[in-house]
1. Could you tell me which of rounded, prolate or oblate describes segment 11-61, using a ≥ b ≥ c as the square roots of the eigenvalues of the alpha-carbon gyration tensor, with rounded for a/c under 1.5 and, failing that, prolate when a/b is larger than b/c and oblate otherwise?
2. Any chance you could run the full-extension gain for residue 26 through residue 116? It's 0.36 nm times the residue separation minus the Cα-Cα distance, nm to one decimal.
3. What FRET efficiency comes out for the pair residue 15/residue 68, r = Cβ-Cβ distance, R0 = 30 Å, nearest 0.05?
């Protein structure tokens, strides 16, 4: 399975203007496809794009066009967890932790003191306080 659309030693043309591949208007989508048509990595990119659930133009195909191919070939694309989602999953402050942060805050502890006491970072304390206010 291809885990990267490009080898490290190749600089594909899509890296020069990455925003173009996530365009929503027909003119920019057509321009992206035209660049893809000239790319020496188009087959590798297509293999990657059919394996993973991706947005934008990949291998000269829109998301809808790739989904048609995936359906016809019986391919179930794998979901890519974005860095943001992965980070959010690992940095969510649990309800119990938020409650303890709130309790210590009410007792007058500062963020650095709470962080030290709970063996967490000051940033986690701040996130826990913010989560508590928005919950």
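1. On the way: a/c = 1.71, a/b = 1.24, b/c = 1.38.
In terms of gyration-tensor shape, oblate.
2. Working: separation 90, 0.36 × 90 = 32.40 nm, distance 5.40 nm.
Full extension from residue 26 to residue 116 adds 27.0 nm.
3. Details: r = 27 Å, r/R0 = 0.89.
Computed FRET efficiency for residue 15 and residue 68 comes out at 0.65.
Here, each number is a calculation from the coordinates, and none is a lab measurement. Bear in mind that the values here come from a model prediction, so they are computed numbers and not experimental data. When we count neighbours, we look across all protein chains shown, and the Cβ atoms used for this are built from the backbone with ideal geometry, even at glycine.
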